[in-house]
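The values are calculated or read from the model by the stated rules, or taken from the named source; none is laboratory data. Predicted, not measured: the structure shown is a model, and the values here were computed from it. FYI the Cβ positions are ideal-geometry reconstructions off the backbone, even for glycines, and counts take in every protein chain you see.
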């Protein structure tokens, strides 16, 4: 028995098969999407770094600065 070529095994699949074309386009779009996400994350990191540098120039100390929506109770008490 002679071996058949891959094209002879699957005559329904050709280069113009709409399913293969669709799947190929989906893979391409997914790859582009991932590249755009990576670029967006790089831009976000760069923007955060610039912002942090500006805060540091203004003397902002992140370790000692604690923000809270709760009022400080010590400030509310008036000395007698």
Any residue that is exposed (fewer than 10 other Cβ atoms within 10 Å of the Cβ), at negative phi and assigned to a loop (DSSP other than H, G, I, E, B) - is there at least one of those in the stretch 15-28?
yes
Residue among 46, 56 that alone is modelled with pLDDT of 70 or more, more than 15 Å from the chain's Cα centre (by Cα), outside any loop (DSSP other than H, G, I, E, B) and on the phi < 0 side of the Ramachandran plot
56
